[in-house]
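Single-structure report; data block below.
The values are calculated or read from the model by the stated rules, or taken from the named source; none is laboratory data. Treat the numbers as computed from the prediction; the structure is a model and nothing was measured. As a convention, Cβ positions derive from the backbone with ideal geometry for all residues, glycine included, and neighbour counts pool all protein chains shown.
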C-alpha cells in the first residue's frame, strides 16, 4: 500500500504541477499595468469579459475584478475598508445608504464625459437616491414583474396583479424572490402600500400576508427563477426584467412548446437601478472614473447589453440596437406601465431591522 | 529530537490561528455593538425563530446522522468481507466525489430531484409515479447524507478492518451465530469508529446553510442560515457570534464523547 | 445448500455496493452530461457541444481561479504535513494531560462550523491588520489542514515500535538520521494519506476561503459560489468533469499497474 500511495503521490503531484503550469499560461500577466490599476467590485455575471480586456488594452490600466451577489454582502466589505475598491456597482437604495454613511466620493464628471450618453430619464430616476447625481452613474436598470408559463396557466387565469400570486390555483407552483426587500415589495404593493413604507403596522400586515402565502410557494430563489421557469418547474415566478431577453432566446433555441411571458402588475412594481459609484477610500479614483467613462461609451454599453441582456440606460447604446429589440416591451417597457412604480429607498438601520426580523419570521414559519 | 522544537511551530500556529480567533468570537458573542458586555446574543437562541431553527437543525442532522450510520455500517462490513483490502483504493472511491465541488454536487441534486428533473424523467419513462422531494426537508436530509456519508464510512471501515478474523472464527467456534457475532463482537469493537463517524457527520450537518438553500427552496430556516445571514446580510456580527457560541456547546459535547469512547484515536478516518 | 446461500449473500452484498455507488456518483454523472449541453439550462437538453470545454481554457477568470486553487491546496497541504507531522511526533511523546489538551484543541477546527472558523479567522486577520489576500487564504487552509494531518499520522506513530528508534540510536545514528531512516518510513502511509486528505479538503472548501480572501483572488469554489445565484456557466461543469476524470484515471493507473512484490 505504501508503494501504491507513493506512486499516486508522485503522479498526482506531477499532474497538479502540469495543470498549474497550463493554467498559469492561460491567465493574464499578474504585473501591474503601465498606467496603474483599478479595483472593480461588481455583481456576478454582470459584464462581458472582453470589455475588461479591451479596457486594459486601450488604457494600460490593470483591472482587478471582483464580484458580489447581494448588496447586503457588498456593504460591510466597503464599510470595513479591509479591501479598498475603486469602482463599485450597488443598487439604488444601497447607494443612498452609502451616501448617508459618507462612504462615497463625488465623481469628477470632467473625467467622465460619456455620462452624456445616459438617457436623462434615468438621471431623473437616480435623484431619488442620489439627489444631485453627484455620486453615481447608471449602469443597468429594470423592473420586477411576474413571469408565467403559458402552458401551465389558463388564459383566463393569467396573472395581472401581485395579489394573483396568492391564488390557491398556483399552489406549489409559485417562485418568490429570496430577498427581503423584493418579497416585501410584492406583499406591500398588493396591499396598496408603498414599498418604502416605514409604518410598522403596514410592515406587519405584509409579513402576515407573506406567511399566509408560504404554503403555496414552491421555493424562494434569486436568479434561479430563470432556470427553473425555463425547465417548466413552476407556473409563475417573480423575476427581474433583465432576464427576459435571455429567457426569450433560450425558449426559442430549445424549441419549447410553451412560452414564458412577462407582466408588470397593475399595482405597480419596483423600478431598480444599478449604478457605478466610487468609494471614498478608493486608491485609484481617476482610474475608476476612466473605467466608468469607458463603460458609458455606446459601443461598449451595447456590447455589455448583448451579453448581460439587462436593459441599458445608455441612450447611445439603445440607438444602436435592432428595432425589434427596441420594441421589446419586456426589456424596454412603455412609460404607461410604470405608473405606481417606485425606486427603493434606504430606510435607515432601525427600519431595516424591522424588515429583517419580519423576514426571518416568514422564513421560520 | 527536542519535543519543544517539534511542537513549537504547531503550538504557535494553534495560538495564533485557532485560539485567538476563537477568543474573538467569544468577545463578539458576549458584547453588543458598542462593546458593552451582554448575554443577549447568546440568550437570543431562545427567541421563537432561533429556537425553531435550532430544533429543526438538530432534528434534521440527527436523522441524517442515523441514516448515514444505517447505510455506512453494512457498507463497511461488505467492503471488509469482500476482502477489498487494497485499502487506499476504497478510500479513494469514497473521497473521489469530493473532488467535484461541493456546490456543484448539491446543485446536481437539484437537477436530479426537480419536478422535471432526471429522476422523474426516468420514473415517467417507466410509468411510475413521480417523486416530489425537492424543496422539502426530505431533500435537505438527502443532501446531508450524500455529502457526509464518506465521513461515516471511512472511520467505521478502518475500525472493522482492524478486527482480526481470528476473533470472529473463535466466536463461531464457541457457537455464536451471525447475529451474535454482529452485536457482541463487531459492534462493541467498532465503537471508536462509530463515534468518530457520528461526530464527523452530525456537527457539519448541524451548521450547513447551502444545502437548505439549494435543496430546501430556502423555505426552511436552519440555524446555519440564521448565522450566515446575520454575518453577511444583517451585519450583526455580535448576534451571529452569540449563536455560534451556542453551537459550540455541541462541539464540546462531541469532543467529550470522543475523549470517552475513542481515547486511542482508533476511529480516525484514515 | 451452503453454496446457494453463499451465492445469495454475495449477490445482496454486490447489489448493495452498486446501489451506494450509483447514489454517490449520480450527481457527478449529471454534471458530466450537462458539460456537453449546448443549452445553459440545467434541465433541458439543447444538443451536444464541446464548446464549453474550449471556452474553459480561454477564460482567464477560470484559469486563474484554477491556478490559485491548486497552488493553495498544494502549498497548504505541504506545510500542514510538515508542521503536523512534527507536532504529532511531539504530542505522541507527551504525558497524558498536555497530550489530551493539545489533541482537544486540534479537534476544534475540524468540528467547528465552517462559517464560524472562516469568520473567526477573518476577524483575527482584520484585528491584526493583516490585509486579506492570497496569504490569508493560505494561512486559513493550513489551519484547517493540520488537524487532518495529525489525526492521520498519530495512529501510525502509535503502531511504530519505539525500540527500533532507540536501537538505531544505540548503533550510533544521530537522532535526525535515526528518525528519517527508521521512524519516517513507518509513518509514511499516514503522512501521505494526511497530505491527500488535506489536499482534498482544501480543494473543496469555499466558506472559509470566502471570508478570508480579500479582493481579486478567487478559488474555483468562490468563483462557483458567485455564479450559483445567477446561473453557473457550463464551463464550470466542464472543468469539474476534467478534474474528476484526471483523478479517476490516476487512481486506475496506480491501482491496476503491476505491483512489485516486497
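It is to be established whether one or more residues within the stretch A:178-194 are over 20 Å from residue A:342 (Cβ atoms) and either more than 22 Å from the chain's Cα centre (by Cα) or touching a residue at least 12 places away in the same chain (Cβ under 8 Å) (or both). The answer is yes; a qualifying residue exists. Of the numbered conditions (1) modelled with pLDDT under 90; (2) more than 18 Å from residue C:224 (Cα to Cα); (3) facing another protein chain (nearest Cβ under 8 Å), residue A:49 satisfies every one except a single condition; which is it? For residue A:49, the failing item is (2). What are the pairs, 6+ residues apart or on separate chains, where a residue within the stretch B:86-115 that is more than 7 Å from chain C (Cβ to nearest Cβ) and within 20 Å of residue C:248 (Cβ to Cβ) has its Cβ under 6 Å from a residue that is part of a helix (DSSP H, G or I) and modelled with pLDDT under 85? Sorted first by the residue in the stretch B:86-115, then by its partner, the pairs are B:88/A:4; B:88/A:5; B:90/B:79.
Within the stretch A:68-90, the set of residues being within 14 Å of chain B (Cβ to nearest Cβ) and assigned to a strand (DSSP E or B) comprises A:68 only. Within the stretch A:108-135, the residues that satisfy the criterion of being assigned to a loop (DSSP other than H, G, I, E, B) and surrounded by fewer than 22 Cβ atoms within 10 Å (Cβ to Cβ) are A:108, A:112, A:119, A:127, A:128, A:131, A:132, A:133, A:134.
State all residues of the stretch A:232-250 that are surrounded by fewer than 19 Cβ atoms within 10 Å (Cβ to Cβ) and more than 18 Å from the chain's Cα centre (by Cα); if no residue qualifies, say none. Answer for the stretch A:232-250, where residues must be surrounded by fewer than 19 Cβ atoms within 10 Å (Cβ to Cβ) and more than 18 Å from the chain's Cα centre (by Cα): A:248, A:249.
Residue-by-condition table, conditions (1) in contact with a helix residue (DSSP H, G or I) (Cβ under 8 Å, 6 or more places away or on another chain); (2) assigned by TED's automatic domain parsing to the domain that holds residue A:103; (3) in contact (Cβ under 8 Å) with a residue 12 or more places away in the chain:
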residue: A:283; (1), (2), (3): no, yes, yes
residue: A:293; (1), (2), (3): yes, yes, yes
residue: A:303; (1), (2), (3): yes, yes, yes
residue: A:314; (1), (2), (3): yes, yes, yes
residue: A:320; (1), (2), (3): yes, yes, yes
residue: A:326; (1), (2), (3): yes, yes, no
residue: A:347; (1), (2), (3): yes, no, yes
residue: A:350; (1), (2), (3): no, no, no
residue: A:354; (1), (2), (3): yes, no, yes
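In the stretch A:210-241, of all residues being part of a loop (DSSP other than H, G, I, E, B) and within 7 Å of another protein chain (Cβ to nearest Cβ), the one that is modelled with the lowest pLDDT corresponds to A:223.
None of C:62, C:89, C:126, C:72 is within 8 Å of chain B (Cβ to nearest Cβ) and either out of contact with any strand residue (DSSP E or B) (no Cβ under 6 Å at 6 or more places or on another chain) or part of a helix (DSSP H, G or I) (or both) except C:89. Counting only helices (runs of 4 or more DSSP H) that sit completely within the stretch B:101-161, those holding 3 or more residues that are in contact with a helix residue (DSSP H, G or I) (Cβ under 7 Å, 6 or more places away or on another chain) correspond to B:102-113, B:137-161.
Restricting the stretch B:116-144 to residues that are within 7 Å of chain C (Cβ to nearest Cβ) and either at pLDDT 85 or above or closer than 16 Å to residue C:31 by Cα (or both) leaves a set whose member that is surrounded by the fewest Cβ atoms within 10 Å (Cβ to Cβ) is B:118. Does residue A:299 meet the test of being outside any loop (DSSP other than H, G, I, E, B), in the same structural domain as residue A:58 (by TED's automatic domain parsing) and surrounded by fewer than 16 Cβ atoms within 10 Å (Cβ to Cβ)? So residue A:299 passes the test.
Scanning the stretch C:202-253 for residues that are more than 12 Å from chain A (Cβ to nearest Cβ), free of Cβ contacts under 8 Å to residues at least 60 places away in the same chain and under 21 Å from residue C:125 (Cβ atoms) returns a single hit, C:206.
The rows are residues; the columns are (1) at negative phi; (2) crowded, with 21+ Cβ neighbours inside 10 Å; (3) free of Cβ contacts under 8 Å to residues at least 40 places away in the same chain; (4) in a helix (DSSP H, G or I).
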| residue | (1), (2), (3), (4) |
| --- | --- |
| B:182 | yes, no, yes, yes |
| B:185 | yes, no, yes, yes |
| B:212 | yes, yes, no, yes |
| B:217 | no, yes, no, no |
| B:220 | yes, yes, no, no |
| B:241 | yes, yes, no, yes |
| B:247 | yes, yes, no, yes |
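Whether a residue is in contact with a helix residue (DSSP H, G or I) (Cβ under 8 Å, 6 or more places away or on another chain), in contact (Cβ under 8 Å) with a residue 12 or more places away in the chain and closer than 26 Å to residue A:189 by Cβ was assessed, and residue A:298 does not pass this test.
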